[in-house]
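Below is one structure, written out as structure tokens, with a few remarks after it.
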Amino acid sequence: MKKILLISSLLTISSLAILSTMTATDASSSLPNDGNAGAPMDNAGQNCGNSTCHNVASTATTNVISSDIPGSGYIGGTTYNFTVTMSGAAAYGFELTPQTATSSTGLGTWIAGTGSSVSTKYIKQSAKKTGTSAVWTFQWIAPTNAPSVTFYGAFNYANNNATKTGDIIKTSSVTYLANTTGVNATNKFSLLSVFPNPTTDILHITSDELFKQGNIYSLDGRLVKTISEQELLSKSILVSNLNNGIYFIHIVNDNKTFVSKFTKND
């Protein structure tokens, strides 16, 4: 009887140890599941704060994602360096994906760096980092057929208590425009000439092309206006209802996407 009790006690202790390990592995900035970066067309914008993960409301933040993509934009096929920088917690983790505000398709190719791992269109920490701050560096190869890319990320500022409770989830995004000056001729997009820029109410298009559809996006990749057929025909786009700021206009004909950046000022 004593042997049976001893075996039973050892099994109980082992089970508790396994459960404890599973809990610690699944929390405190451990490797997140795919589809939790907060991209609007990816799992309905789900991020790591969702009910099946940390179950907390996320908040927006800035200055977490940075890169060496120049102000003139990225060139398809070129490799760029990206950095994720976090501070103010005990442990950290992240997930980042390059998409657009209207499609969940991953754009470009990730190259993992030290402490990061790639899973299809996502890059994330391969293990949590601890301390007063954390930095990850990795690379991205730009696509050759995308006029702009928005990088959406979810970031876990954890208390490192081996549970999901008490962690803070923040989201951030940054949009880059393609550089179409002197790029490879296989690119299916080109710059669009618009005026006046800045504008207050009407944005005019200078082009002989016949356009079929068009959209205007905010600097963080959100769709803010679908351009009407009449506006495309007249090549005069009403923007008076937009808030002051910087926007991207994307217009498509049969085989090419035209893109330009403009500023709306009252």
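Bear in mind that the values in this text are calculations on the coordinates, not laboratory data. It should be emphasised that the depicted structure is a prediction, and the values quoted were computed from it without experimental measurement. Here the Cβ is made from the backbone with ideal geometry for all residues, glycine too, and neighbour counts use every protein chain on show.
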note = Note: Gln213 to Thr52 extended length (0.36 nm per residue) minus current alpha-carbon separation gives 54.1 nm
task = Grab the beta carbon distance between His204 and Asn161, set R0 = 51 Å, and tell me the FRET efficiency rounded to 0.05.
result = 0.30
key: Projected label distance in nm at Asn81 and Glu229, using a 7 Å step from Cα toward the beta-carbon   = 5.1 nm
remark   = Given Cβ charges of +1 for Lys and Arg and -1 for Asp and Glu, the option among Pro143, Asn81, Ser133 whose Cα lies farthest towards the positive end of the dipole of region 26-177 is Ser133
request  = Beta carbons within 10 angstrom, averaged per residue: use that to sort the peptides 106-116, 166-176, highest first.
outcome  = 166-176, 106-116
inquiry  = If I model a spin label as a point 7 Å beyond the Cα along the Cα-Cβ vector, how far apart are those points for Ser240 and Thr130 in nm?
reply    = 6.0 nm
